[in-house]
Amino acid sequence: MKKFVEGSHAIAEIIAKCRPGVISAYPITPQTHIVEGLAKLIADGELDAEFINVESEHSAASVVLGASATGVRVYTATSSQGLLLMAEVLFNIAGMRLPVVLTCANRAVSAPINIWNDHQDSMTVRDSGWIQFYAENIQEAIDLHVIAYKVAEDKRISLPALVGIDGYVLTHAFEVVDMPEEDQVQSFLPPLDPVVKLDPDDPKSMGLLGAPDVYMETRYAIAKTMEDALGVIKEASEAYSQVVGRKVGGLVEAYRVEDAEKVLVAMGSLVGTIKDVVDELREKGEKVGVLKIITYRPFPKDEIYEALKGAKYVGVVEKAVSLGADSPLFSEVASLLYKKGADAKVNSFTVGLGGRDISPAQIRQIFQEVEKDEGESRFIGLNEKLLEA
Amino acid sequence: MAGVVADPKRHLLASGHTACAGCGQAIAARIVANAAGPKTIISNATGCLEVFTTKAPQSAWRVAWIHSLFENAAAVASGIEAALRYLGRIDEVKVIAQGGDGGTADIGMGALSGMLERGHGILYVCYDNEAYMNTGVQRSGLTPLDSNTTTSPVGKRSHGNPRPKKPLLEIAVAHNIPYAASASVAYPADIERKVKKALEYKGPKFLQIHVPCPLGWRHDPSLTVEIARLAVETGLYPLVEYENGKVVSVRKVKVKPVEEYLKLQGRFRHLLKEPEVLEEVRKVAQANIEKYGLAI
């Protein structure tokens, strides 16, 4: 059904259609509208779930950990500092192989305190064993949550999944979306049937001490499962596309890259701006394209290489930094292309930190600068006056 | 004996785990599990109890059991309880969260307070051995006054831990919960009774059990029960029971001098040479005796 809806309310609606039994959250801007929406659906009797208002994000993550371990589908959402406070639990959830689904309304991290969008928060937990998706628009955010549950709960995977949606840019924006019907979601997403759970009728111990004789194998197992998840994500995306009659999800989206000499790589809502500029430059005859990374963990190496192998210049444009080193997505793309022996020159562009606007003019500038071989990460859109001060 | 199932094969915390000889926590945890019964799910904080019972691939637990992190046993239990409510099994399955004194009164205090305030049907059990034993006897918020620990050592300018114990039981009671009590491993029948009574109440329950640690307290492992009993008999560890905010029972004692308790433990040995400092410990006992009317 087509409807005009705020991003956060769209997320709340699709999560309700996924029928989680336990939801726990702690308020943080810009995540709040999502969990407020869910609380209201429960209060109105439209969703049968336990909503646990906790005293911190650490406990929000712990509550969904405990409920998931008891065999119930769960949901939580957070942002920024909240995700950082959860970080310890996030590693634990992944290590315990629990299919928790979390929305990260992506926001900058303090200090200075800043409530606006970038990707520094979820980038910090990229190595935690969570599957990570990033949505370009509200429609994609809706669809990725359903796919997130499907993949996370797949017995071959049994890992948690995070869906990154850009704070404000998507959470507080309105968009016309195709909202799937409840029966479509239900047919695609059967009730959770976990691999192990806490049940007095079949008592199991979970979360044991892993000494040096067993620990390493548990990490290896997650690493291998992450590789398997690439196939399962593709499979789930194709199956869900059939259900809703649209092409949804997947690992990457290559936009006009076939004969492109210059390709930018990006994640999230920024891709929309880049697509506009690509269309504009294509009209002028420039051979440009953009590669959107939808699935960041597991990192879809083959698909990224396929999309970039013909390019002369690749620019990785990201809303994150690794202070003291190259930016994270750039490092991974550059490393991949180097290992595969690709010819492309790869450059790094950091944009939009702390909600700084990213204009089409900046994207045009990046398409020009991508040819320059400066070797260092470049910050685009800095205010020189502030730097002098 | 109370709290002890006749057939050891039916103990819900099985023997064969790797606790030290004389570990008070191991004894108390077995009594708690047996008293709660098999239809129980336990959420366990990080600490000795988790380490000595569940080194993969083995587990000593015959009840459904989960360990997540140090500070979140109460929050994980909250999630378990919420899931059981969702599944319609809350009347059939009991939920226990348990941890040591550091995991409960220090790093886990926020999660515990949240669990109590939200009204979850969970019994939280704090095994209080009065320091961070799993990491090597560092001082916690429940370490008693003047105790010699590795981070509150005795020296030229120190008599040991400079502060009295955090009033954890009173903090729990202040959350307006239906049941809260202290107990001691020296009184197994009392632990069993309190666990069973607590579990009859709906909503959050709290139990703090004094459990000597021979390694950390530096006493002979054969003296665990005797030392625990002396803590009660000197007034240093009052056994009290609150229902709906009111004290409903107190274990009365023929009060013994605190020295009888202190002299058996290396952590307090320095006090016997320092009468002025010893007097401070005596005041702690006296305050407890007066507050709860402990003396027979």
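The values are calculated or read from the model by the stated rules, or taken from the named source; none is laboratory data. Computed from a prediction, not measured in an experiment: that's the story for all the values here. We place every Cβ from the backbone using ideal geometry, glycine too, and count neighbours over all the protein chains shown. These accessible areas exclude ligands, DNA and RNA; they are computed on the full protein's heavy atoms, side chains included. Shrake-Rupley method; radii C 1.70, N 1.55, O 1.52, S 1.80 Å.
Data table
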item	result
Reduction of at least 10 Å² in accessible surface, 1.4 Å probe, comparing all protein chains with the chain by itself, residues of the range A:185-208	A:198, A:199, A:200, A:201, A:203, A:204, A:205, A:206, A:207, A:208
Heavy atoms of residue B:163 accessible to a 1.4 Å probe, total area in Å² rounded to 10	150 Å²
Most mobile of B:137, B:76, B:247 in a GNM of chain B (Cα contacts under 10 Å)	B:247
Surface share of carbon and sulfur [accessible, 1.4 angstrom probe, percent] for the protein assembly as shown	53 percent
Shielding by partners - mean other protein chain Cβ count within 10 Å, residues of B:108-121	3
Residue B:287-residue B:246 FRET efficiency (beta carbon distance; Förster radius 22 Å; 0.05 resolution)	0.65
Per residue accessible area in Å² of the protein assembly as shown, where ligands, DNA and RNA are left out and the probe is 1.4 Å	39 Å²
Helix-only mean residue ellipticity at 222 nm for chain A, each DSSP H run of n ≥ 4 adding -39500 (n - 2.57), per residue, nearest 500	-13000 deg cm²/dmol
Rounded to the nearest 20 debye, dipole of the range B:8-292 from Cβ charges on Lys, Arg, Asp, Glu	400 debye
Residue-wise HN-Hα coupling along the range A:317-326, computed from phi with Karplus coefficients 6.51, -1.76, 1.60 (Hz; x: Gly, Pro)	10, 9, 9, 7, 9, 10, 5, x, 7, 5
For the pair B and A, total buried accessible area rounded to nearest 100 Å², probe 1.4 Å	2900 Å²
14 Å Cα-Cα reach of residue B:194 towards aspartates and glutamates, excluding residues that sit fewer than 8 places from it in its own chain	B:241, B:243
Cβ charges +1 (Lys, Arg) and -1 (Asp, Glu), total dipole of the protein assembly as shown, debye	2480 debye
For chain A, built as a Gaussian network whose Cα springs stay under 10 Å, the top-fluctuating residue of A:44, A:202, A:193	A:202
Mean separation of Cα contacts under 8 Å (6+ apart) over length of the range B:8-292, as relative contact order %	17 percent
Net charge, residue A:54 excluded, C-beta distance under 11 Å - Lys, Arg +1, Asp, Glu -1	-2
GNM result for chain A, Cα springs below 10 Å: residue of A:39, A:69, A:325 fluctuating most strongly	A:325
Dipole magnitude of the range B:136-206 about its Cα centre (Cβ charges: Lys, Arg +1; Asp, Glu -1), debye to nearest 20	160 debye
Built amide H within the under 5 Å cut-off of residue B:128, gap 5+	B:209, B:210, B:211
Under-5 Å amide H pairs with residue B:179, H placed in peptide plane, nonlocal only	B:206, B:244
Greater than 21 Å apart at Cα, pairs in A:204/A:224; A:312/A:340; A:197/A:234; B:256/B:283; B:9/B:202; A:17/A:301	A:204/A:224; A:197/A:234; B:9/B:202; A:17/A:301
Relative contact order (percent, whole number), chain A, Cα cutoff 8 Å, 6+ residue spacing	16 percent
Anisotropy class of the range A:2-244 from Cα gyration tensor, a/c 1.5 cut	rounded
Antiparallel DSSP beta bridges within the range A:2-244, as percent of all bridges there, nearest 5	20 percent
